[in-house]
Amino acid sequence: MQQELVFYTNPQSRGNIAHWMLEELGVPYRPVVLAYGDAMKSPEYLAINPMGKVPAIRHGDRIVTEGAAICAYLADAFPDAGLAPAPADRADYYRWLFFAASCLEAAWTDKAAGWLPSPEQQRMFGYGSFELTVDTLAKAVAGKRYIAGDRFSAADVYVGRSVGYGIEFGELGNWPELVKYWNALKDRPALARATAQAESWQQA
Ligand SMILES: N[C@@H](CCC(=O)N[C@@H](CS)C(=O)NCC(=O)O)C(=O)O
């Protein structure tokens, strides 16, 4: 029997990353839309994610939080979708998934919040500096359609959407390689479905 797949989200959140991934898989799932504030901090939801944040998924009795982990987990849980490379070919896949979740996310959100580490602090910050992180990712996608190998993968969902958010928030638009990478991903039908569905939840 298929295990139930539940998706906890808010239409205006990083839930869009997991939502896109779910739509790429094409498997059935049950969305649970949580309002910011009380619903996300309720005892029921804190039992799913003690951070009181979205996205999260529950697959049978397994819970996964963190957008990057959700993408990687789902790619493995539903291998027929072909969204993870073979284990031996996962060097770039793991490398850039983790890079986006650790370095890129912190680098651009710190900058968007108006804070940059001093040269002394950069040594102890995993992302070093905003420019170093973004230049490094821009080089990684230069001349490539996908971040890991020559096929679309779960890493493109996470890295791509993270780059897309950075561009939309006005922080990454000066890197043509990143803009080109995101432009080649942003019209995927699965992302359009996820975004349209989230918009309908917002209006409900
Ligand atoms: N590390 C998490 C971040 C999740 C996150 O910060 N989600 C925000 C929405 S984009 C949230 O749920 N905020 C609600 C709150 O903190 O109360 C991930 O990568 O998924």
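Regarding the range 112-133, can at least one residue be identified that is modelled with pLDDT under 95 and assigned to a helix (DSSP H, G or I)?
Yes, there is a match, as at least one residue in the range 112-133 is modelled with pLDDT under 95 and assigned to a helix (DSSP H, G or I).
Any idea which residue in the range 31-47 is farthest from Trp201 (Cα to Cα), counting only those that are among the hydrophobic types (A, V, I, L, M, F, W, C), within 19 Å of the chain's Cα centre (by Cα) and more than 11 Å from the ligand (Cβ to nearest atom)?
Filtering the range 31-47 for residues that are among the hydrophobic types (A, V, I, L, M, F, W, C), within 19 Å of the chain's Cα centre (by Cα) and more than 11 Å from the ligand (Cβ to nearest atom), the one farthest from Trp201 (Cα to Cα) comes out as Val32.
Mind counting the residues in the range 151-175 that are among the basic types (Lys, Arg) and over 15 Å from Ser13 (Cα atoms)?
1
Can you give me the number of residues within the range 100-132 that are away from the ligand (no atom under 16 Å from the Cβ) and of a type outside the set (A, V, I, L, M)?
Residues in the range 100-132 being away from the ligand (no atom under 16 Å from the Cβ) and of a type outside the set (A, V, I, L, M): 15 in total.
Select from the range 63-93 the residues that are outside any helix (DSSP H, G or I), under 27 Å from Ala106 (Cβ atoms) and more than 16 Å from the ligand (Cβ to nearest atom) and list them in ascending order.
The answer is Leu83, Ala84, Pro85, Arg90.
Among the residues of the range 23-30, are any away from the ligand (no atom under 16 Å from the Cβ) and among the β-branched types (Val, Ile, Thr)?
There is at least one residue in the range 23-30 that is away from the ligand (no atom under 16 Å from the Cβ) and among the β-branched types (Val, Ile, Thr).
Run Lys53 past the list (1) in a loop (DSSP other than H, G, I, E, B); (2) of a type in the set (Lys, Arg); (3) away from the ligand (no atom under 11 Å from the Cβ) and report the number of the one that doesn't hold.
(3)
Six or more apart or on different chains, Cβ under 7 Å: which pairs go from a residue in the range 170-196 that's closer than 17 Å to Asp150 by Cα to one that's assigned to a loop (DSSP other than H, G, I, E, B) and not aliphatic (A, V, I, L, M)? Could you list them?
Ala184/Arg145
The values are calculated or read from the model by the stated rules, or taken from the named source; none is laboratory data. Note that the structure is predicted; figures quoted are calculated from it, not measured. So basically every Cβ, Gly included, is an ideal-geometry build from the backbone, and we count neighbours across all protein chains shown.
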